[in-house]
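S.K.: Okay, here's the structure, questions in a sec.
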Amino acid sequence: MTDTALPTSSTDLLDVPTGRRIVTAIPGPKSQALQERRRKVVPPGVHSALPVYIDRAHGALLVDVDGNSFIDLGAGIGVTTIGHTVGPVVEAAKGQLDSFLHTLFTITPYESYVRVAELLAEHTPGDFEKRSMLINSGAEAVENGVKIARKYTGRRAIAVLEHAYHGRTSLTMAMNYKAMPYGTGYGPFPGDIYHAPSSYPYHDGLSGPEAAARTITYLEKHIGATDLAALVVEPIQGEGGFMVPAEGFLPALQEWATANGVVMIADEIQSGMGRTGTYFASEHFGWVPDMVLSAKGIAGGLPLAAVTGRAEIMDASQPGGLGGTFGGNPVATSAAVAVFELLGEENLLAEAGRIEKRLKAGLSAIAERYDIIGDIRGIGAMVAIELVEPGTGDSTKKPNAAAVTKLAAYAAQNGVLILTAGTYGNVLRFLPSLAITDDQLDEALGVLADGFATL
Ligand SMILES: *Cc1c(COP(=O)(O)O)cnc(C)c1O
């Protein structure tokens, strides 16, 4: 089925083609009818980037209700990192469905929750004692990370970086950089959140140590280290546009945080769980955070998130202070154990490097012909291009959101799902599952090249 030799199961017998196939207008008639029903009962604030209604999915292919199939370069925003409906994950979830669906870990616990915590302790950076708590969503992980850090430090302030994205709850909205659409009109927001300068090599031209010095100066002058509970950082920024920080930036911040009693938290919700070819992206930068947040890819598509931190930080909370009704649902934790096993045993991590090479080679070839591709960046199966106005590539690097919108629309019409990103909406991001084949990548890149030709 795929040339990545993913284990098979009954789900492989699903009628899912291996390539894109467009048989109707996009969206097709059945999707349009569903869209009409939806408009009457779902608010427009819950927006769908590509309103084709999905019937089934496998590997890196989505099939809609009209029979169109799409090469999926989004993976539900980096959630189905190991692929759609991968056998062992589906089987693990099915097995749990037959035993029990819920007990509430904080009432009567079960083994798979503990197993996920063991796997997180083993695979997050750092050789020290760790503890993990499980919740349902990325934003909930951020909320709990902040809460735990404040409890441990007894301090008030939280710092994040420019271009950050951390979620859609009240606290996390205040932690985001981009107001529209994530924050506009939803205030007032919680206070004591500070946005410090980040490392964005394409625009700031700073070395890692220079960028870190700038960030630290901001934190010391604007907040004061003794009032800062936590510094929350995405090792590679997700919604902001896949900015890979300059070498040395993250370890320098960690060193400063450690020296000043600040809890430094890696928001690995998008970059973690094998996405970049290591379990967690922090490893690429030699960064050992005090706390790691995971979510998106951790359970192969089921809702699960985790806060993993140094034992002394995590243990500062009183019994009953942490938890939540659905946190660490047994079906999701069983699936997560299977995801960890696949990443470890099937050498799936290595697929990220294959995907990065293929994507970057294809994108570089396109960039030779079109000067609006200002930057190609990313690690593993987390690659992006930043589009700029023609002729501005080397000077103003003026954002070109219009081209991004057109290219994403062109790709969708031609059976390739590509996500956009960026504070200025001028980034196309490629977040395929590790199951995507070389043929599928080439086909998608071909469609993208055709899209550039039509601009
Ligand atoms: C998606 C995301 C979140 C929020 O996760 P949800 O599950 O949508 O609440 C937080 N941080 C990062 C880096 C993300 O990519």
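S.K.: Report whether or not Pro251 is surrounded by fewer than 21 Cβ atoms within 10 Å (Cβ to Cβ), closer than 30 Å to Ala92 by Cα and either over 17 Å from the mean Cα position of the chain (by Cα) or within 16 Å of the ligand (Cβ to nearest atom) (or both). Steps first, answer last, please.
M.R.: Numbers: surrounded by fewer than 21 Cβ atoms within 10 Å (Cβ to Cβ): yes; closer than 30 Å to Ala92 by Cα: no; either over 17 Å from the mean Cα position of the chain (by Cα) or within 16 Å of the ligand (Cβ to nearest atom) (or both): yes.
For Pro251, the condition - surrounded by fewer than 21 Cβ atoms within 10 Å (Cβ to Cβ), closer than 30 Å to Ala92 by Cα and either over 17 Å from the mean Cα position of the chain (by Cα) or within 16 Å of the ligand (Cβ to nearest atom) (or both) - is not met.
S.K.: Here's a follow-up. Among Thr278, Thr258, Thr215, Thr226, which is the only one that is surrounded by 16 or more Cβ atoms within 10 Å (Cβ to Cβ) and not in a loop (DSSP other than H, G, I, E, B)?
M.R.: Thr215
S.K.: Output the residues belonging to region 123-162 that are surrounded by 24 or more Cβ atoms within 10 Å (Cβ to Cβ), hydrophobic (A, V, I, L, M, F, W, C) and assigned to a helix (DSSP H, G or I).
M.R.: Listed by number, the residues that qualify are Ala141, Val142, Val146, Ile148, Ala149.
S.K.: Residues that are away from the ligand (no atom under 16 Å from the Cβ) and either assigned to a helix (DSSP H, G or I) or on the phi > 0 side of the Ramachandran plot (or both): does region 65-84 have at least one?
M.R.: Scanning region 65-84, I find at least one residue that is away from the ligand (no atom under 16 Å from the Cβ) and either assigned to a helix (DSSP H, G or I) or on the phi > 0 side of the Ramachandran plot (or both), so the answer is yes.
S.K.: Which pairs do you get when a residue that is more than 25 Å from Pro399 (Cα to Cα), found in region 234-256, comes within reach of a residue that is away from the ligand (no atom under 16 Å from the Cβ) and among the basic types (Lys, Arg), reach meaning Cβ atoms under 9 angstrom, with the pair 6+ apart or on two chains?
M.R.: Note: no pairs meet the criteria.
S.K.: Continuing with the same structure: Do we have any residue at all in region 428-443 that's at pLDDT 95 or above, β-branched (Val, Ile, Thr) and touching a helix residue (DSSP H, G or I) at 6+ places or on another chain (Cβ under 7 Å)?
M.R.: There is at least one residue in region 428-443 that is at pLDDT 95 or above, β-branched (Val, Ile, Thr) and touching a helix residue (DSSP H, G or I) at 6+ places or on another chain (Cβ under 7 Å).
S.K.: Please give the number of the condition Ile376 fails out of (1) crowded, with 23+ Cβ neighbours inside 10 Å; (2) aliphatic (A, V, I, L, M); (3) farther than 30 Å from Ser31 by Cα.
M.R.: (1)
S.K.: Residue under question is Gly391, and the condition is that it be assigned to a loop (DSSP other than H, G, I, E, B) and crowded, with 22+ Cβ neighbours inside 10 Å; does it hold?
M.R.: no
S.K.: While we're looking at this one, here's another question. Can you find a residue in region 292-302 that is away from the ligand (no atom under 15 Å from the Cβ) and over 12 Å from Thr81 (Cα atoms)?
M.R.: No, there is no match, as no residue in region 292-302 is away from the ligand (no atom under 15 Å from the Cβ) and over 12 Å from Thr81 (Cα atoms).
S.K.: Could I ask something else about it? So in region 149-181, with the set limited to residues that are small (Gly, Ala, Ser) and either in contact with a Lys or Arg (Cβ under 8 Å, 6 or more places away or on another chain) or more than 11 Å from the ligand (Cβ to nearest atom) (or both), which one is nearest to Ala139 (Cα to Cα)?
M.R.: That would be Ser170.
S.K.: Moving on. Restricted to region 93-121, and to residues that are hydrophobic (A, V, I, L, M, F, W, C) and more than 28 Å from the chain's Cα centre (by Cα), which residue is surrounded by the most Cβ atoms within 10 Å (Cβ to Cβ)?
M.R.: Phe100
The values are calculated or read from the model by the stated rules, or taken from the named source; none is laboratory data. In this text the structure is predicted, and so the values were computed from the model without any measurement. Reconstructed Cβ throughout: ideal geometry from the backbone, glycine too, with neighbour counts over all protein chains shown.
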